[in-house]
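The structure is given below, and queries will be raised subsequently.
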Amino acid sequence: MIGAILGDMIGAPYEFDRGGKTKDFPLFSKETGFTDDSVMTVAVAEALLGTRGKSDDEIRAGLVASMRKWGKRYPAAGYGCMFRQWLSAKEPKPYGSFGNGSAMRVSAVGWLYDDIDTVRRMAALTAEVTHNHPEGIKGAEAAASAVFLARRGYGKEYIRQYIVGEFGYDLSRTCDQIRPAYHHVESCQETVPEAITAFLEGKDFEDVIRTAVSLGGDCDTLTCIAGGIAEAFYGIPGEISAEGYKRISRDMQEVLGRFYAELGTGLM
């Protein structure tokens, strides 16, 4: 999960093509900080930790409560217009979105469950409380599935074939082919395949992050998704993980601690 948060933080200063579409940039700077991607990643993780073994309806209720709690705690994190309305609604309902918000917040799912069918079902639950469009659900399932397969030791070619076969995403383009025309877009359809491609091309965790940022566009979210997969596949160098951990709030650190304790691993 820290991989997704690192992707968000490192990508955020370069969103809207402000990074010049290059891999040569400072990994951390004074502008490096978390956005709504990290806040909602933490919110989903906390909800799932608190609803282990409960019914789907209870899990949905827990997700709604946690996401609204964290969203109101960090109201200026950069939420989309419809999600901001959902946060403040008296009776929040899903609003048919296929935005990439469903995929950016889902990385914890790929770690917390032990079979691919459960991972996909739980990813769908985390999406459908807001992003209940089929493409919004598909994006969350694909991102979580990639994390799961990566942490279970499957190779990149297997992951590619699974994502293409199960979700129909086009992973045939290289990042060099994607980069020139890629622009700021916030749909799952035009974020999740690019994020997975950046992971597939990257040579290690840092290279995945740099590759994702270099594509430009909505690169905090794109790199959040790619970073979550890269953590599961490569792990994270301790100095990068430690620097990211210092840049999140104490309450977010507490959820991360609980999450990695649940996995039986150390954060760094």
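No value in this document is a laboratory result; all are computed from the given coordinates. Keep in mind that what you see is a predicted model, and the values were worked out from it rather than measured. Virtual Cβ from ideal backbone geometry, glycine too; neighbours counted across all protein chains shown.
Could you please state, rounded to a whole Å, how far the C-alpha centre of the stretch 143-195 is from the C-alpha centre of the stretch 50-80?
Using only Cα atoms to place each centre, the spacing works out to 26 Å.
Of (i) 28, 22, 18; (ii) 24, 20, 19; (iii) 37, 24, 19, which one was derived for semi-axes √(5λ) of the Cα gyration tensor in Å from the structure shown?
Given (i) 28, 22, 18; (ii) 24, 20, 19; (iii) 37, 24, 19, the structure-derived one carries the label (ii).
Taking the Cβ of P237 as the centre, find all other residues whose Cβ is under 9 Å away and add up their charges (Lys, Arg: +1; Asp, Glu: -1).
It works out to a net charge of -3.
Once the Cβ-Cβ distance between E254 and L171 is put in as r, and R0 is 45 Å, what FRET efficiency do you end up with, to the nearest 0.05? All intermediate terms of the calculation are to be shown ahead of the outcome.
Working: r = 37 Å, r/R0 = 0.81.
Here the calculated transfer efficiency is 0.80.
Treat every Asp and Glu Cβ in the chain as -1 and every Lys and Arg Cβ as +1, leave all other atoms uncharged, and give the resulting dipole magnitude about the Cα centre to the nearest 20 debye. Please report the intermediate quantities before stating the final value.
Numbers: 30 positive and 37 negative charges, 119 e Å.
Here the size comes out at about 580 debye.
Considering only the other residues whose Cβ falls under 14 Å of the Cβ of Y158, what net charge follows from Lys and Arg at +1 and Asp and Glu at -1?
Details: positive: R151, R152, K156, R160; negative: E157, E166.
Within the 14 Å Cβ shell, the charges total +2.
Anything over 28 Å Cα to Cα? Flag those among K69/K138; K30/K93; K138/K203; K69/K203; K54/K90, in the order listed.
Working: K69/K138 25 Å; K30/K93 37 Å; K138/K203 26 Å; K69/K203 37 Å; K54/K90 25 Å.
In this structure, K30/K93; K69/K203 exceed 28 Å between Cα atoms.
Net charge around V129, counting only other residues with Cβ within less than 12 Å of its Cβ (Lys, Arg = +1; Asp, Glu = -1)?
Summing Lys and Arg as +1 and Asp and Glu as -1 gives +1.
Separate question: Which three extents, in angstrom, do the Cα atoms of the stretch 1-144 have along their principal axes, listed largest first?
Each principal axis gives a Cα extent; for the stretch 1-144 these are 46, 36, 26 Å.
Label 7 Å along Cα→Cβ of K21; the stretch 154-172 residues with amide nitrogen under 17 Å?
none
Before rounding to the nearest 500, sum -39500 (n - 2.57) across all DSSP H runs of length at least 4 in the chain and divide by the residue total; then give [θ] at 222 nm in deg cm²/dmol.
Calculated at 222 nm, the ellipticity per residue is -18500 deg cm²/dmol.
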